[in-house]
1. Checking the conditions here, which among A:Lys331, A:Lys320, A:Lys383, A:Lys315 is under 26 Å from A:Leu514 (Cβ atoms), in the same structural domain as A:Met442 (by TED's automatic domain parsing) and either in contact with a Gly (Cβ under 6 Å, 6 or more places away or on another chain) or touching a residue at least 12 places away in the same chain (Cβ under 8 Å) (or both)?
2. Would you be able to say whether some residue in region B:119-126 is part of a helix (DSSP H, G or I) and away from chain A (no Cβ under 13 Å)?
3. Could you list, in sequence order, the residues of region B:134-146 that are surrounded by fewer than 18 Cβ atoms within 10 Å (Cβ to Cβ) and either among the hydrophobic types (A, V, I, L, M, F, W, C) or touching a residue at least 40 places away in the same chain (Cβ under 8 Å) (or both)?
4. Evaluate the following for A:Ile478: is it touching an Asp or Glu at 6+ places or on another chain (Cβ under 8 Å), under 15 Å from A:Thr323 (Cβ atoms) and in the same structural domain as A:Gly313 (by TED's automatic domain parsing)?
5. B:Glu149 - would you say it is free of Cβ contacts under 8 Å to residues at least 40 places away in the same chain, within 14 Å of chain A (Cβ to nearest Cβ), surrounded by fewer than 17 Cβ atoms within 10 Å (Cβ to Cβ) and within 17 Å of A:Ile463 (Cα to Cα)?
6. Out of all the residues in region B:103-130, which are of a type in the set (Phe, Trp, Tyr) and buried (at least 18 other Cβ atoms within 10 Å of the Cβ)?
7. Going through region A:100-109 one residue at a time, which ones are outside any loop (DSSP other than H, G, I, E, B), touching a helix residue (DSSP H, G or I) at 6+ places or on another chain (Cβ under 9 Å) and surrounded by fewer than 20 Cβ atoms within 10 Å (Cβ to Cβ)?
8. Would you confirm whether any residue within region A:346-355 is away from every other protein chain (no Cβ under 14 Å) and free of Cβ contacts under 8 Å to residues at least 12 places away in the same chain?
Amino acid sequence: MYDGSRLRTAGLCVIAVVLVLASGPHAQGTAPASPLTLVTRDGRRPLPTTILNNQEFIALDDLASMFQLTVREDALAGGVTISYKGRTIVASADQPMASVNGRVVTMPAPVARIGRRLFVPIDFIARAVAPIYDSPIDLRRASRLLVVGNIRVARVVVRIDAAGPPTRASVEVTPALLVSSMFDAGRVLVRVEADMLDVAPPPAPAGLIDQIQATNQTTIIAFALNARAATPRVSTTTTTESTRVTIEIPPGAPAQETSAAPPPPPAPPPLGTLPAAPPAAEVVTPLPGQRTARLQTMVIDPGHGGDDAGVRGSKGALEKQVTLEVSRRLKSLIETRLGVRVVMTRDDDRAVSPDGRDAIANNSKADLFLSVHVNGAPAPAMKGAEVYYLRLDRAGEDARRSTAASELVLPAVGGGTRPIDVIRWDLAQASHVDNSSRFASMLEEELEKHTPMGPRPLQQAPIRVLSGVNMPAALVEIAYLTNAQQEQAVQSAEFQGGVAQAIFDAIVRFRAFLEAPATP
Amino acid sequence: MTPRLASLARGRRKHWLQFAAIVVIFAVAAWGASLLLERMVAPAPQQQSAPAPAAPAANVPHIIATLYYGTPDGQALASVKREVPLGEGPRAQGRQILQSELEAAPPPYVSLIPPGTTLRAFYITERGDAFVDLSPEVSTMHPGGSTNELLTVYAIVNAVTGNLTSVERVQILIDGKQADTLAGHVDLRRPFERDTSLVREAKGTR
C-alpha cells in the first residue's frame, strides 16, 4: 500500500513535469529589437534571444556551449539540472526560481520550451550562472551587452550641455578611467582607455557640433565640428566614480557678409560610418577601430648608473638613483594601465654606454624611447623640468639625405631577395625627428601641469643617447639636483609619482596621435 | 788678549757686519730687479686657481676677445669682452683665447669649465675645422646635467668661432682622443658650429 502510493505520487509528478514542459509557451518567440552582444577577450559576437510573454529568453544549449555547462532534464526533480565544475543549478520548470549551489534565487519566469529546445530568462545568466562561474559575468541590459571575463567596459554618456555658441558638450565615463583627447582636422577625438565602451545613445548634434559618433564599436568618441567653430578647449576632471571630459567650442571669426566674400572654409572631414546607418554617397574618413597597437613596445632609459652617478646634490642625492626610481614608477604605470611592453635600459645600478642603451632600444624594435635624467646647473637658483629632442647638425642632415637612398638587396630565406634600408647607427634618429618633436612637446605640456618648468622648457640639442635610436625619442630632465629645494623634492614619492603621471599622460597622448587617422 | 787687541777684534767684526749687510741689500735689490725685468719681458703667467685672471702686462700686445661664462643665475652664457695676449696667427691666437677661456670666471659670472682643465693642443685644418684637445679634468671633474654640459661645450665653441674668423666648426677632444660626451649628454663625436641661442649679452670690457 505504502509503496503503491509512492509510485503513484512519483508517476503523477513525472506526468505533471512533462505536461508543464509540454504546455510551456506554445507560440513561437519573437526576436528582440537588437541582439544581445557577448563580449569576451576573444572579441564580440551576437547572442540570439527571443521574446516570450514579454520576457526575454535565451536558449539553454547556447548558454551550455558558451559557458561549458552540462544540461540535463530532470523529471524527478521537476526541472533542469545544470552543472559546471561540480557546481549545480536546479531550475524549476513550473516556478520562477532556481537553486544555485543550494541557494534559492528568484527568476522572472520559469524554464520554457519551444519545440525541443529549452529556454531560460536572460536574467538567469546573472542570477544563476554568474555565481558558479569562474570568470566575472556582467549582464548590461540597457546596452545589450553580456561581458564575460576581466574586461574594462566603460559606461559612456555624451551630452550637449549648451548649444551656444559657445557650444559645450561633455563625455562622462564610468568608472573613472584614463581619457585622452586631441583636436585634429576639425574633429575632437576623445579616447577612453578601456577594452570597450558601453555607450548610451548620443544626443542629436547641436550648435557648433555637426556630428557625434559614439558607438560600442570603438573606444573613441568623435565630435565633428562646424566650419564656424574655433579651436575647442578640452578639460578633464576625475572623481572617485567617474571621469568627465568637457569640450567648449567657441565660435570662430564671423564671416564677412558681402557678395564678394570668399567661399567658406572646407568642412571638416565627415565622421566614420556608423554601422547602423552608413551614409550613402559621402566621402568618409574611417575612424580608427579597436586599438591598432602602433605603440606596442617602449624603452625607458634611466640616465647614468654604476660608476657614473650623474649630478650629485649638495645633500648627497644621486642622479642615477632618482632616474631609476622614476623610471620604475613609469614602467609600472605604463604596463598596468596601457598594456604596452616596457623595456628598461637598466633596472639596477649598472653602467650602460650610450651605444649600449641605443642597442637595447633598437634591438627591442621599440616604438618610443624616453631617457630620464635630473639636471645640473652652474648656479643653485636654477630649477624646473626641461625636455630635449635631437637637433641634427649640418653634417647630420647631409648624412641623412645620403643614407636615405642607401638600400641593399639581400637574399631572403626561402629564396628571392629583399631590400634592406641601410641606416647609419649614429644617425638612426634622423628620420624620426618630427615625431620626436611632437612627443617632446606633449611631454612639456603634461609636465607643466605637475611641476615647475625650467627657463627653456623645450629644447633641441645634440643629445648623444638620442642620436642612435631608430624611433621617436626624447630626454626629460625632471628637475635640477643642484637646487637644494628640488634635491629634496625629487626624492619624495609624491614628486616622483607626479612626474611619472605627467610622462604617462604624454605617452597616452602620443599614442593617440600615432593611432589617429591621417588627415586627408 | 790685551784690551787693545780686544778693541781691534770688535772693530773688525763691526766692519764685517756692515759688509754683510751691504751684500744682503744688494742681493735683495738684484733679485727684485730681475723679477721686475722678468715680468717686463715675459707674458703674464697662468693663474687658473685665482678667482680672476691677471691682466697682461701693459707692454705686451693684446687683443680684445669675446669669452663666454655662465650668467650669475646659471641660465645662459654671458659674452664678456676681455683682454687676451696677441698670438701670431690663428693657431697661436686660438691657444691664447682658449687659455683665457679656461681660467676662472670673473665675478659676477660663474665658471663653466671644471677647474684644473688645461689645453693640451689646438690646431686648425684647412677646411676651417678647429680641434680643441683638453685635459681629462674637463670630463672627470664635470658636475653633469644637460644644461651644464651644453653651457660648457658652447662656451668653448663660441669662444673659438666667435674670435677666429677662419674657424667654422669646433671639435672637442679629451686627452687626445675623440669622446662620446663630457658627462653623459652632449654628443662630442662630431664638430659643433657656432650657436648663440644660449647667449645672453653682457656689456662692458673686463
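The values are calculated or read from the model by the stated rules, or taken from the named source; none is laboratory data. Please read all numbers here as calculations on a predicted model, not as lab measurements. Note: ideal-geometry Cβ built from the backbone for every residue, glycine included; neighbour counts use all protein chains shown.
1. Values: A:Lys320 fails: under 26 Å from A:Leu514 (Cβ atoms); A:Lys383 fails: under 26 Å from A:Leu514 (Cβ atoms); A:Lys315 fails: under 26 Å from A:Leu514 (Cβ atoms).
From the options A:Lys331, A:Lys320, A:Lys383, A:Lys315, the qualifying one is A:Lys331.
2. Step one: of region B:119-126, the residues part of a helix (DSSP H, G or I) are none.
Looking for residues that are part of a helix (DSSP H, G or I) and away from chain A (no Cβ under 13 Å), one finds none in region B:119-126, hence no.
3. If we filter region B:134-146 for residues that are surrounded by fewer than 18 Cβ atoms within 10 Å (Cβ to Cβ), which is where we start, we get B:136-137, B:140-141.
The one that is surrounded by fewer than 18 Cβ atoms within 10 Å (Cβ to Cβ) and either among the hydrophobic types (A, V, I, L, M, F, W, C) or touching a residue at least 40 places away in the same chain (Cβ under 8 Å) (or both): B:Met141.
4. Values: touching an Asp or Glu at 6+ places or on another chain (Cβ under 8 Å): no; under 15 Å from A:Thr323 (Cβ atoms): yes; in the same structural domain as A:Gly313 (by TED's automatic domain parsing): yes.
Answer is no for this residue.
5. Details: free of Cβ contacts under 8 Å to residues at least 40 places away in the same chain: yes; within 14 Å of chain A (Cβ to nearest Cβ): yes; surrounded by fewer than 17 Cβ atoms within 10 Å (Cβ to Cβ): no; within 17 Å of A:Ile463 (Cα to Cα): yes.
No, not satisfied.
6. Going through region B:103-130, the residues of a type in the set (Phe, Trp, Tyr) turn out to be B:109, B:122-123.
Matches in region B:103-130: B:Tyr109, B:Phe122.
7. Kept after step one, since they are outside any loop (DSSP other than H, G, I, E, B), are these residues of region A:100-109: A:100, A:103-106.
With the extra rule that they be touching a helix residue (DSSP H, G or I) at 6+ places or on another chain (Cβ under 9 Å), the set shrinks to A:100, A:103, A:105-106.
Result: A:Arg103, A:Val105, A:Thr106.
8. no
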